């Protein structure tokens, strides 16, 4: 999905939907070697998205684009000391 194409997700639960998408992506990208410990959590998130009329496979690439586009900002925010 091109980054400039609008992603349509239900207004209801929008924040939770995006958080779920990003967590699923994070598990896939950063925790591949530990897949046996998170595969059921991933499946539950995947099914929850489906129940909320969100096709994870379609929105996944847009989520990756968001992560790549905002990578330096995300790194800064997660390493910033409070």
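Have a look at 54, 64, 75 and point out the one that is exposed (fewer than 11 other Cβ atoms within 10 Å of the Cβ) and either in contact with a helix residue (DSSP H, G or I) (Cβ under 7 Å, 6 or more places away or on another chain) or at pLDDT below 60 (or both).
Criteria check complete, one pass: 75.
Within region 9-29, the set of residues being in a helix (DSSP H, G or I), surrounded by 15 or more Cβ atoms within 10 Å (Cβ to Cβ) and more than 10 Å from the chain's Cα centre (by Cα) is empty. Filter region 43-64 down to residues that are without any contact (Cβ under 8 Å) to a residue 40 or more places away in the chain and over 11 Å from the mean Cα position of the chain (by Cα) and give me whichever is farthest from residue 11 (Cα to Cα). Selected residue: 43.
The values are calculated or read from the model by the stated rules, or taken from the named source; none is laboratory data. All of these numbers come straight from a predicted model, not from anything done at the bench. Neighbour counts run over all protein chains shown; Cβ positions are idealised from the backbone, glycine included.
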